[in-house]
Amino acid sequence: MYDKKYWRQGKNVTVGQLMDYIRKNVPEDAVFCVLGNNQIYFHLEEDKSVFCVDDAPLSELEEYAGFEPMDI
């Protein structure tokens, strides 16, 4: 069961804001899930302006053709 005192939402949250929240509120050994899935993928725009955490590999994208995601 989720703890309501940690229920949050955000829009245009920066990586710094997310990291600060996690450092202050989440144990380092907690499993990180996206949409309830513990298999996650990271995507970063070429200009590094947007970082995306997804539950899908997006392997159908042209820029990923011929590549496999590296493990964290």
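The values are calculated or read from the model by the stated rules, or taken from the named source; none is laboratory data. Remember, predicted model here, so these are calculated numbers, not experimental data. All Cβ positions, even for glycine, are placed from backbone atoms using ideal geometry, and neighbour counts span all protein chains on display. The protein model used for the area step is the full one, side chains on, heavy atoms only, and it has no ligands, DNA or RNA in it. Shrake-Rupley method; radii C 1.70, N 1.55, O 1.52, S 1.80 Å.
Here are the numbers for the structure shown:
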{"quantity": "Principal-axis tilt of helix 15-25 within the chain, Cα atoms, nearest 10 degrees", "calculated": "40"}
{"quantity": "Option label - semi-axes √(5λ) of the Cα gyration tensor in Å computed here, alternatives (i) 68, 10, 5; (ii) 33, 15, 13; (iii) 26, 15, 11", "calculated": "(iii)"}
{"quantity": "Proximal lysines to Lys48, defined as alpha-carbon separation beneath 28 angstrom and excluding residues fewer than eight positions away on the same chain", "calculated": "Lys11, Lys24"}
{"quantity": "Estimated 222 nm signal from helices in the chain, with DSSP H stretches of n ≥ 4 weighted -39500 (n - 2.57), rounded to 500", "calculated": "-4500 deg cm²/dmol"}
{"quantity": "Estimated FRET transfer efficiency (Leu58, Val15; beta-carbon r; R0 22 Å; 0.05)", "calculated": "0.70"}
{"quantity": "Cα→Cβ-extended label distance, 7 Å offset, between Lys24 and Ile40, nm", "calculated": "1.9"}
{"quantity": "Accessible surface, per residue, of the chain when the full set of protein chains is kept, probe 1.4 Å, Å²", "calculated": "101"}
{"quantity": "Coil-residue trypsin sites (Lys or Arg not before Pro) of the chain, DSSP, other Cβ within 10 Å capped at 11", "calculated": "Arg8, Lys11, Lys48"}
